[in-house]
Amino acid sequence: MKKFKLYIFMMCIMVTLNSLSCSVIKVTKQIKPRATDWVQYGGSHLRTNYSKIGLKPPLVPVWEYDAEAGFGPYSVTAADSILFVGNLRGDLHLVDIQSGKKIKKQKFGTAISGSVALTTGSVYIAMLNNSKTLGKFDLLNGKFEWTINAGQIETAPLLYDKQVFVTSLEGKLSAINARTGILNWEFVAAKKNVKPMRSAPATDGNTVVVGSDDGNLYAVDIDNGNFKWKFTTEKSIFSSPSIVGNAVVFGSLDGYLYCVNIADGNLIWKKNFSAPIFSSQAVSDSFVYAGSSDGMLRCLDIKDGTEKWSFKAQSNFYAASLISGNILYIGSLDKKLYALDIHTGNLVWSYLMKSRIKSTPVVWGGYLFVLTDNQIVTAFVESIADRK
Amino acid sequence: MKKFYFIFLLLSAFCNELLYSQFFYFGRNKVQYTQFDWHVLETEHFDIYYYNGMEELAEKGAYFAEQSYKNLEQKFNHNVLTRIPLIFYSTHLHFQQTNVTPGFIPEGVGGFFEFIKGRVVIPFNGSLEQFRHVIEHELVHVFMYSKINSVMRDHRVFTDRLPPLWFVEGIAEYWSTDWDSQAEMILRDAVLNNYIVPLDDIERIYGTFLMYKEGQSIVEFIAEKFGEEKILLLMENFWRETSFEKVFKLTLGVDYEEFDKDWIYSLKKKYYPILLDHDLAGNVTEELVIKGFNSKPVFYKQQNADTSRKMYFVANHSGYTSIYELDLNNPQKKPKLLIEGERTDEFEAFHLFQNKLSISKDGILIFVTKSGENDVLHLFDIAGKKIIETLRFSELVALGSASWSPDGKQIVISATGITGSYDLYIWNLDEKVLKKLTNDIYDDRDPSWSPDGKMIAFSSDRTPFGKHGVYNLFSFNIETSDIEYLTYGGNNYYSPDWSADGKWLIFASDIGGSRNIWMMQNESKHPREMVKITSFTTAAFDPTFADSSRILFAVFENYSFQIRTIENVYAIYDSSSTRRTVNIIPFEEKWIPKSIIGVSETKSLKYIDEYSLDIAQSQISTDPVFGTSGGAFVALSDLLGNEQYYFLIYNTAQSQSELLNSFNFAISRVSLTQRTNFGYGIFRFSGRRYDLTDPDYFYFERVFGGYFALSYPLSKFKRIESVTSISNSEKEIIETIRGRKALFLSNSITFVHDNSLWGPSGPLDGSRFKITFAYTSDIQYSNANYYSFIFDYRYYIRLTQRSAYAMRYWLFYNGGQEARRFFMGGNWDLRGYPRWSLRGQKLWLVSHELRFPFIDQITVKFPFFGLTFAGLRGAAFFDAGNAWDKVYTETLASYGAGLRLNLGGFLVLRYDFGKRIENNLTTVQKDYFHQFFFGWDF
């Protein structure tokens, strides 16, 4: 009995120590994002999923990190050798990119579905099921600078200029002052029967575009949230739009990939994928790379939607691909990470992960991060020799 | 997780009995009649298990499975990472032999998903479209289970629940099939007869066919009104709330009550206008039989008798499906039970709703039953009221409908062999030859021989529309063997029947959305014209001509299947305004179902390398007398459930020094592969025991040994069991220095019979019987040497639908050295006496009990919630008996009444009160005794 009591006591001590060591995120250095850092979902406010860093396959895994819960499709952000991993249990993990070791972790909401957005010394965290669902968290002192209730958020926040934009399940697009947390404006698509927004917003600096469950892509003025135009599809839009030049590209559950003019919302082209498109896309200056729920990935000319090549995986594409130099990286529910030549669509390399890939791969430095369904983040590098 | 056919409507009411009796003292038998030679077809996502003779079906099933997988992968935006085991059976009779589930499989079950090992088990019923539908339906369950698991795991929420059954089955139906005339029939009837159950109260119809179809309608309404993506989001949001109702509100923005307002209003808007040009059958036709579930009427008029007019039909009025006779001259009289089914080996199962009856001009009724391994065809002499012949076809497994040739010398029958495809056969009674008329994968059903003997009309999916599960009518020319279209199009046509003069053909069709009766002239001119005879709101089935211008038919109304009649059918034909021309486009190709030729390999029956876990449980328990004990139980079985291993280990040590000596373990292997089931194992039990002898005492016992058990089912209702065991026993009586060593050899043989039919608290009909002989001896020390005789007979007389008179007779006898004692007393046997207070090596008991419904439902409404108790049953009883060792002392008895309450289908609470009669039935107790316990009625 004495042994049992001692055991219980030790367990309590360990639980307490464990919770103390991980309860608050505080870092000792000021994190300063640079241009090559992946500071928000899509890599930038255009949501292109395009990285100038070209990582050439074959890649090798260098470490795995157990994030203790699953991930949304928006993946991770990275800056200053730190990987920011939000999970669906509401934890934010800070991971040392060099070693793959945990720096800190803290529980925020009941789920962090979207990746956090990074700015100097702080992160913007969007959460679900909290009374305050968006906050600017100071990494140096481990406290929120401000929080606000922007509705239940299942997408990644958009950070542009001095504003943070978020969409909510209540069907609102909100613009919040990034420094003060004060609501600048709020756009609600309809007065009655408002549908949720599960699409992360994107902007070209003048217009913010976002998809809605009601099947519309909405465009509003970035300064005041005034409605500019909407483009209607047959079914809900879960994918997040990408902007390249004057074109906005997005997929719909009606099975079409659309390209519309950001100025007036007029259709430039549309392409029938013959299967619902849940995932977002990657875009370069000339091409768009989009996958659908039948496991088809298509490369289309951004000008007219002409199909340049296609690639078939063994299962669905759940999240967007990533352009890294001349290589397109994309994961599928078939557990494979594919590396394709962006010009030809030829399979250059593939890697069988331990579970489904439901998030967009992210490149930072010489690393490629892949998140899998078994709650693991795997870091790949070109080769061990290169890394050394 | 079961896909139900239409006849679930009936069977759901009675399947309780089948399931429960399996596990108790008696129980019916799941007989492994057939030795299957299993193969595995490996495709991209599936391991398809099939057996010799059904290769073509397995390949078509493989195609359907892969197509369904692709479809569902998109709908769920999800994939299943493990290979899915699909176990196919070519007929439902074979499916009923599966050991994947231990319970009995009623005829209405079209397949099931077993989620512990992720197995999907599906029989083929002749229709390839139905096969595809069931495969996809079950795969929806597989995907949903996997998706929800994935969502819960992502959010680190404990997976301890699933969505409610209405959603589970609703989505499975919605994503696997279109809204069809059967679904339309159910919903129309429910709305127009005002028994539609709102979503807020849908648990009230849990597990019924109505719930399946309401579920489908609800999911369809969600997709239409809120968007199809909401169906997916209901699963993706599943982690966010603790109840599905809250998930529903969170996802759709409305609660059940608000949803009901819109949904039911939309149903009313849709179905009320139907009354403008359709009628409830009960309002416009003459009733013949409206109680119970009735189908397949056939008319018979004795040749030389002018007045005798009879109708024969298949019905379930009591829980057993049987054939009844109705005098059409006195239709108000209660139908007579002609052939009682499902109580004997001969008529093990009537296939209600499936097999038509036919009567020859000589008065020979033919009907199909399951008897033993396969279906058989019985020839029943109506005048003599006896079976004159039973035809058993070695190459045929399942039989469909049969029809006499006009000369009474041949029978055409729809049937299938091991391939699963229903073809037409002719049996020549004189030559005893079976001739196959059609031979392909199409589903040929409901043959009807024309009165001139020249052709056979039948229903089949051998058209371009067959891929959608559509059946048209055809004629088979006896002389030329040519098959010609009688109808053609995308609507269904079933159950053709000829008029006596052969000039008319009557049939059922779902043209316009609901199944009604149509008629056409038998003429060679083209195009033919067909005319709608009835315009019922719900559905009509199996129309057949009676005498003059009368027709008989079954109709679904008010959630029951009734038999009704219409007169002046020719006048209706002439006056009907709904006429259709049959335009046949003969150049269109028939539907040719696709196949997948996967990688096939044969595996041994035992699947030695594929045992996997069924149950793993560990437990620590504390008893005030016996202290704390801990242990674990593990069960393993192969994929088909044929071979099973059980491991039990626990320890009852009270101190460290007792640890090694207090290990208890047992290992058993059970084989259900063959008809003779057997099991064997070894055991070691050690620990403190309590002996309920006189005087009671504690002892410490170590027993180790082994056993071998056999069970041979003679039929579904009878079996012989035998057990041989040898065990070494060492007994130390605590608080004395006494001890006893023995090496026991025990043999027993038992005969068990059970054809009882159960109600909510116990059997209501049939009988149960068990007789056991056993002999136990100490073959080393001669410390014990005794024999046992156990006689147990129970008989139930059905008084009304829900009441019965039950009798029980026990005689237990143990004799010899150290013979064990029996115990009696309490709610389970001799009521009024303290539990197990009567002990002896001999025992007798007689019980008589009247069982009746008492209160069907009590609801207590509190301000914030309500409690509902349903199915309170009453009993009045008289028991008599006693137990004794050497000298019989007195006869004890009791009488009284009691209440029984079934909780959740697995536990019956019992309360009895009454008076004891003691001193050889001379002294009646002054006060009342009260006893409260649990357990089923005897």
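Could you check how many residues of region A:134-154 are outside any strand (DSSP E or B) and either within 14 Å of another protein chain (Cβ to nearest Cβ) or surrounded by fewer than 17 Cβ atoms within 10 Å (Cβ to Cβ) (or both)? Full working, then the answer.
The first filter runs over region A:134-154 and keeps only residues outside any strand (DSSP E or B), leaving A:139-142, A:149-154.
Right, trim to either within 14 Å of another protein chain (Cβ to nearest Cβ) or surrounded by fewer than 17 Cβ atoms within 10 Å (Cβ to Cβ) (or both) and you get A:140-142, A:149, A:151-154.
So the count comes out to 8.
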Answer yes or no as to whether A:F250 is in a loop (DSSP other than H, G, I, E, B) and within 21 Å of B:G227 (Cβ to Cβ). no
Please verify whether A:L371 is of a type outside the set (K, R), within 30 Å of B:N71 (Cβ to Cβ), within 14 Å of chain B (Cβ to nearest Cβ) and not in a loop (DSSP other than H, G, I, E, B), treating the condition exactly as stated. yes
Can you tell me which residues in region A:65-114 are at positive phi, within 11 Å of chain B (Cβ to nearest Cβ) and either surrounded by 24 or more Cβ atoms within 10 Å (Cβ to Cβ) or not acidic (D, E) (or both)? A:G90
Across (1) within 14 Å of chain B (Cβ to nearest Cβ); (2) under 17 Å from the mean Cα position of the chain (by Cα), A:Y329 clears everything bar (1)
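Might you let me know whether region B:816-825 holds any residue that is outside any loop (DSSP other than H, G, I, E, B), aromatic (F, W, Y) and more than 20 Å from B:K842 (Cα to Cα)? Break it down into steps so the answer makes sense when it comes.
Taking region B:816-825 as the starting set, the residues that turn out to be outside any loop (DSSP other than H, G, I, E, B) are B:816-817, B:822-824.
Checking the rest, the ones that are also aromatic (F, W, Y) come to B:822-823.
Checking which are more than 20 Å from B:K842 (Cα to Cα) leaves us with none.
Checked region B:816-825: no residue is outside any loop (DSSP other than H, G, I, E, B), aromatic (F, W, Y) and more than 20 Å from B:K842 (Cα to Cα).
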Give A:F238, A:F250, A:F273 a once-over and let me know the one that is closer than 18 Å to A:L158 by Cβ, without any contact (Cβ under 8 Å) to a residue 60 or more places away in the chain, within 14 Å of another protein chain (Cβ to nearest Cβ) and among the aromatic types (F, W, Y). A:F238
Residues that are over 17 Å from B:D255 (Cα atoms), in a helix (DSSP H, G or I) and either within 12 Å of chain A (Cβ to nearest Cβ) or in contact with a strand residue (DSSP E or B) (Cβ under 7 Å, 6 or more places away or on another chain) (or both), drawn from region B:211-233: B:Y212, B:E229, B:L232
Of the residues that sit in region B:388-414 and are in a strand (DSSP E or B) and of a type in the set (A, V, I, L, M), which one is nearest to B:I339 (Cα to Cα)? B:I388
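When you check B:Y796 against the structure, is it at pLDDT 95 or above, touching a Gly at 6+ places or on another chain (Cβ under 7 Å), assigned to a strand (DSSP E or B) and not basic (K, R), yes or no? Step through it out loud before you land on a result.
Working: at pLDDT 95 or above: yes; touching a Gly at 6+ places or on another chain (Cβ under 7 Å): yes; assigned to a strand (DSSP E or B): yes; not basic (K, R): yes.
Judged against the criteria, B:Y796 is a match.
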Give the residue, chosen from B:D497, B:D446, that is touching a Ser or Thr at 6+ places or on another chain (Cβ under 8 Å), among the acidic types (D, E), closer than 22 Å to B:D180 by Cβ and assigned to a strand (DSSP E or B). B:D446
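Could you please find all residues in region A:343-363 being of a type in the set (V, I, T), more than 14 Å from chain B (Cβ to nearest Cβ) and crowded, with 23+ Cβ neighbours inside 10 Å? Give the derivation first.
Of region A:343-363, the ones of a type in the set (V, I, T) are A:344, A:348, A:357, A:360, A:362-363.
Filter once more, keeping what is more than 14 Å from chain B (Cβ to nearest Cβ): A:344, A:348, A:360, A:362-363.
Once the filter is applied, which keeps residues that are of a type in the set (V, I, T), more than 14 Å from chain B (Cβ to nearest Cβ) and crowded, with 23+ Cβ neighbours inside 10 Å, region A:343-363 yields A:T360, A:V362, A:V363.
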From the option list B:A709, B:A742, single residue qualifying as among the hydrophobic types (A, V, I, L, M, F, W, C), part of a strand (DSSP E or B) and touching a residue at least 40 places away in the same chain (Cβ under 8 Å) is B:A742
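Being surrounded by 20 or more Cβ atoms within 10 Å (Cβ to Cβ) and within 14 Å of chain A (Cβ to nearest Cβ): is that true of B:F76 here?
Working: surrounded by 20 or more Cβ atoms within 10 Å (Cβ to Cβ): yes; within 14 Å of chain A (Cβ to nearest Cβ): yes.
Answer is yes for this residue.
In contact (Cβ under 8 Å) with a residue 12 or more places away in the chain and within 14 Å of chain A (Cβ to nearest Cβ): is that true of B:S150 in this structure? Spell out how you get there, then give the answer.
Details: in contact (Cβ under 8 Å) with a residue 12 or more places away in the chain: yes; within 14 Å of chain A (Cβ to nearest Cβ): yes.
Answer is yes for this residue.
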So, of the residues in region B:500-532 that are among the basic types (K, R) and in a loop (DSSP other than H, G, I, E, B), which turns out to be modelled with the lowest pLDDT? B:K525
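Can you say whether B:A876 is under 18 Å from B:A806 (Cα atoms), in a strand (DSSP E or B) and either of a type in the set (A, V, I, L, M, F, W, C) or touching a residue at least 60 places away in the same chain (Cβ under 8 Å) (or both), as far as the supplied structure shows? Quick ask: steps written out before the conclusion?
Details: under 18 Å from B:A806 (Cα atoms): yes; in a strand (DSSP E or B): yes; either of a type in the set (A, V, I, L, M, F, W, C) or touching a residue at least 60 places away in the same chain (Cβ under 8 Å) (or both): yes.
Yes; evaluated as a whole, the condition is true for this residue.
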Quick check: is even one residue across region B:454-461 within 30 Å of B:K594 (Cα to Cα), acidic (D, E), in contact with an Asp or Glu (Cβ under 9 Å, 6 or more places away or on another chain) and free of Cβ contacts under 8 Å to residues at least 24 places away in the same chain? no
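Condition check ((1) crowded, with 17+ Cβ neighbours inside 10 Å; (2) within 14 Å of another protein chain (Cβ to nearest Cβ); (3) at pLDDT 95 or above) across all residues:
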{"residue": "B:C15", "(1), (2), (3)": "yes, no, no"}
{"residue": "B:S21", "(1), (2), (3)": "yes, no, no"}
{"residue": "B:F24", "(1), (2), (3)": "no, no, no"}
{"residue": "B:G27", "(1), (2), (3)": "yes, no, no"}
{"residue": "B:V40", "(1), (2), (3)": "yes, no, no"}
{"residue": "B:M54", "(1), (2), (3)": "yes, no, no"}
{"residue": "B:L86", "(1), (2), (3)": "yes, no, yes"}
{"residue": "B:Y89", "(1), (2), (3)": "yes, no, yes"}
B:E257: passes all of (1) within 14 Å of chain A (Cβ to nearest Cβ); (2) at pLDDT 95 or above but (1)
Looking at A:Y318 and the list (1) more than 16 Å from the chain's Cα centre (by Cα); (2) under 23 Å from A:P61 (Cβ atoms); (3) within 14 Å of another protein chain (Cβ to nearest Cβ), which single condition is not satisfied? (1)
Please count how many residues of region A:57-83 are in contact with a Leu (Cβ under 6 Å, 6 or more places away or on another chain) and in a strand (DSSP E or B). 3
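Go through region B:119-166 and report how many residues are on the phi < 0 side of the Ramachandran plot and either among the hydroxyl-bearing types (S, T, Y) or more than 27 Å from the chain's Cα centre (by Cα) (or both).
Pass one, region B:119-166, residues on the phi < 0 side of the Ramachandran plot: B:119-125, B:127-155, B:157-166.
Now narrow it down to the ones that are either among the hydroxyl-bearing types (S, T, Y) or more than 27 Å from the chain's Cα centre (by Cα) (or both): B:127, B:145-155, B:157-160.
Qualifying residue count for the region: 16.
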Based on this model, can you work out whether A:R47 counts as among the basic types (K, R), out of contact with any Leu (no Cβ under 6 Å at 6 or more places or on another chain), within 14 Å of another protein chain (Cβ to nearest Cβ) and touching a residue at least 12 places away in the same chain (Cβ under 8 Å)? no
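The values are calculated or read from the model by the stated rules, or taken from the named source; none is laboratory data. Model, not experiment: these values are computed from the prediction. For neighbour counting, all protein chains shown are included, and Cβ atoms are generated from backbone atoms with ideal geometry for every residue, glycine included.
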